[in-house]
Amino acid sequence: MAVEASKAESLISARGVSLSRNGRRLLDHVDLDVNSGEIVTLIGPNGAGKTTLVRVLLGLIPPDEGEIITAKGLKIGYLPQRFERDATIPLTVSRFLTLSSSASNGEIGEVLSEVGASSLADAQVANLSGGEFQRVALAKTLMGAPSLLVLDEPVQNVDYAGEAELYRLIGEIRRRRGCGILLVSHDLHIVLGESDRVICLNGHVCCSGVPESVAQHPEYMRLFGPSAAEAYAVYAHHHDHVHGLSGAVSEAEHDEAAG
Amino acid sequence: MFEGFVLKALLAGVGIAVVAAPLGCFIVWRRMAYFGATIAHSGLLGVAVGLALSIDLTIGVIAVALALSALLLGLQRQRLLPTDTLLGILAHVALAAGLIAASLLSEGRLDLMGYLFGDILAVTDRDLYWIFGGGAVILALTIWIWRPLLAVSMHEELAVAEGIPAGWISAAFMLLLALTVALAMKLVGILLIASLLIIPAATARPFARTPEQMAVISAVVAALGVVLGLGASLTADTPAGPSIVMALAVLFTLSLFQSFRVASS
């Protein structure tokens, strides 16, 4: 992984980003980097500023201080947190994928098969189940071959088994496409396994590093409680067992916890 | 039986219906039905302003509609009152102001009933030029902003993140709406214009699988409503504008069978 990291191209970086709204400090000197081919997971309790940070990264809100540096010509596939479906707009899945730009039938079929939703091409978006819709929404972020995916809580309205499956899918997309992925989540134990780095945010960056080190970091335990760390330990074991190739994390990296 | 004024009324009605229907779809999708009605209600004030300033009445109507849209955007910045309350205030204040302005203008310069309820059978050649020239421009612009407007209507933040200038697109939509109201006023009157925007789109919804299908079907429904309504008006000697609205209501009622069929399948 260290070799990969040195070859990886930096896609997007936040440097000392701060933002206040209505007298509240939402973001406090936040640094963040996402390189190509890596999954960076942003975790933190509700109200920690995760979605705000995503908005700043996407250029939707200018930061009060600090800067966002993006790779030249960076194309981002964005999955917003609240993607409400509306039966008022008649929309097939194929048409949904081409909402913002036209695409060939070939590309539509390709991204749908990539998320295992080929059979849904002609279905009405409003009729999809929660899990089906999240897959289709994930497929939409892949349109136009972006080099960075920003996925804000991509497993909403999905049952537990569906969550694990979606995260497996996200890991697969990273391996196949080599794109960088910034993943936002407030639930940790399933997320962490596929992540290369975890950043724990609570206004400021509390701690960051490889999943195991973050799970055992005192700041993390303070935010989420010691049971969260135990839950992760249980999961990591389970995960290594099932996905040995991707999930294995070397002993050396356990000590790389950053403050 | 097809006299000149009937043919003109048909041409004008179908022309407006086809132009208004796609915009009506966006009104339904964006939950802006009350906004459409508010813009329509401001039409009378626009006419009065046009008369008072001796400028083209259409320009007066568009100017007042845009001013009202800007006022709404400004008022939405406060957070204590919801948008439908603001629209409820603006719509009726605009209508009241229009009625007062109309009464202050000298008698005979303003046919109040004509503006309130429309007078499609009195369409002139000049009106037809306006409707077809203006209508072609509105239709072309609607097609031009179709994709970004749809993306903004679906999820504004995502559209902005994808580089779509959402503010400009929404402003362009409001402008098109104001233009349509200005053109349609003479036909069905300011009190009934909103129905020409909303009912065809609502009628088309259960038959459409894509946004584009809904726009085309709503245009067909609107044109059919105009033809049936005018026919009924001539046969039964009922007022033309309200007859068109009632014809649309019949078509909408029939579409409900399909709505419930879709819902239960």
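Every number in this text was worked out from the coordinates using simple rules, so none of it is lab data. Nothing here was measured: the structure is a model prediction, and the numbers come from that model. Reconstructed Cβ throughout: ideal geometry from the backbone, glycine too, with neighbour counts over all protein chains shown.
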Tell me the GluC sites (Glu not before Pro) within segment A:39-93 that lie in a loop according to DSSP and have at most 10 other beta-carbon atoms within 10 Å.
A:84
The whole-number value in µm²/s of the Stokes-Einstein translational diffusion coefficient for the protein assembly as shown, with Rh from the Kirkwood sum over alpha carbon pairs at 4 °C and 1.567 mPa s, is 50
Potential lengthening between residue A:221 and residue A:84 on full extension [0.36 nm per residue; Cα-Cα distance subtracted]:
46.0 nm
Theoretical gain in end-to-end length, residue A:105 to residue A:24 [0.36 nm per residue, Cα-Cα removed]
24.4 nm
Antiparallel DSSP beta bridges within segment A:2-245, as percent of all bridges there, nearest 5
50
Theoretical gain in end-to-end length, residue B:93 to residue B:238 [0.36 nm per residue, Cα-Cα removed]
49.2 nm
The answer for the longest stretch of chain B without any exposed GluC sites (Glu not before Pro) (DSSP loop, at most 10 further Cβ atoms within 10 Å) is B:108-265
Counting other C-beta atoms within 10 Å, which of A:168, A:95 has the fewest, and how do the rest follow?
A:168, A:95
Computed D for segment A:2-245, Stokes-Einstein, Kirkwood radius over alpha-carbon pairs, 25 °C, 0.890 mPa s, to the nearest µm² per second, is 132
Residue exposure sequence - B:130, B:168 - by fewest surrounding Cβ within 10 Å
B:168, B:130
What is the distance, in nm, between label points placed 7 Å from the Cα along the Cα-to-Cβ direction at residue B:137 and at residue B:79?
4.0
Shielding by partners - mean other protein chain Cβ count within 10 Å, residues of B:145-158
4
For residue B:261 paired with residue B:125, estimate the spin-label separation in nm (one decimal), with each label point 7 Å from Cα along the Cα-to-Cβ line.
4.7
Excluding residue B:190 itself, what net charge comes from residues whose Cβ is under 14 Å from its Cβ, given Lys and Arg +1 and Asp and Glu -1?
-1
I'd like the chymotrypsin sites (Phe, Trp or Tyr not before Pro) in segment B:1-94 restricted to DSSP loop residues with at most 13 other Cβ atoms within 10 Å, sorted by number.
B:2
Estimated distance in nm for a label pair at residue A:145 and residue B:6, the labels positioned 7 Å out from Cα along Cα-to-Cβ
6.2
Hey, which lysines would be in cross-link range of residue A:140, C-alpha to C-alpha under 27 Å, not counting anything within fewer than 8 residues on its own chain?
A:50, A:72, A:75
Could you tell me how far the Cα centroid of segment A:138-213 sits from the Cα centroid of segment B:33-99, in Å?
47
Rounded to the nearest Å, the spacing of the alpha-carbon centers of segment A:80-96 and segment A:7-46 is 29
I need the shape label for segment B:4-190. Rule: rounded when a/c is under 1.5, else prolate if a/b > b/c, else oblate, with a, b, c from the alpha carbon gyration tensor.
oblate
Summing -39500 (n - 2.57) over the DSSP H runs of n ≥ 4 in the protein assembly as shown and dividing by its residue number, what mean residue ellipticity at 222 nm do you reach, to the nearest 500 deg cm²/dmol?
-18500 deg cm²/dmol
Shielding by partners, peptide B:26-36 (average Cβ within 10 angstrom, other chains):
1
